[in-house]
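Below is one structure; the comments refer to it alone.
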Amino acid sequence: MANKKNSKKKSKKKLLILLIAFVLIAGGGYTGYSKYVAYQKHLAEQKAKEEELRKKQMEEEQKKKELEQAKQKFSELIALMRQELAKKNYARVRELADQARKLALAYNLPADEIDKILYEMNLAIVSAKLSRLEKIHDIYAHSYLRNQLKTIPRYPEIAARWDRLLRKTYQDEYTVLLELAALTSKKTVDGDTPDVNYKLSKTYLKKAKLLVASGKAKPDVSKENSLLESQSEGYMSSIGRSFQPINLYR
């Protein structure tokens, strides 16, 4: 009987030992598996980071390559703009400028050279136009010249020429007014509608004097005095004989 009890105790003890061993083995296996899973996850994350870094590097390299290509294309467009400017092919210069500016905006490139070339082109255009106006020597074209000057920007490079031509238009206008005053004064002396021509002669001379007073024209004192004498003569010979209009003659 005692032997059976001892045998049962031994069996229970062995079972307990086996159970403990199983638990230990199972626990160790679970821990190992958990570590394995964690390690695999770490590897996957590391691989993903490396892949993302590789993609970023490739994108940066691609962007760098595109930027270098854009800079090269930009330089070529600038060179072409200068060539066409030298040929005075202004329409082509503007076309190339548009292309270059789009490239500059897309890749944040400096547009200073574009603006410089366009400025040189505009200066060449207005300078040529000013040259054509300077060749007009008709004093009766003073109004036309002045209106045309308004369409020409007064760039620093042509400011002196621009100002000189503007002064000339006022001087020409002054000369024309004196000529008109002389012409109508002569008609007064000749008895050709003297009352009308006398008034016109006085008006033209007054306008001429106003230009001088404003500083826009230099006076021709000799001609002005001669005109006053002629007007006086015309008044006395053609108007004063028949009637004396109040405040007409000074």
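The values are calculated or read from the model by the stated rules, or taken from the named source; none is laboratory data. Computed from a predicted structure; not experimentally measured. As a convention, Cβ positions derive from the backbone with ideal geometry for all residues, glycine included, and neighbour counts pool all protein chains shown.
In the stretch 171-183, is there at least one residue being hydroxyl-bearing (Ser, Thr, Tyr) and either under 30 Å from LEU123 (Cα atoms) or at pLDDT below 95 (or both)?
So far as the stretch 171-183 goes, no, none of its residues is hydroxyl-bearing (Ser, Thr, Tyr) and either under 30 Å from LEU123 (Cα atoms) or at pLDDT below 95 (or both).
Taking the conditions exactly as written (buried (at least 19 other Cβ atoms within 10 Å of the Cβ), over 30 Å from ALA91 (Cα atoms), at pLDDT 95 or above and not charged (D, E, K, R)), does TYR198 satisfy them or not?
No, not satisfied.
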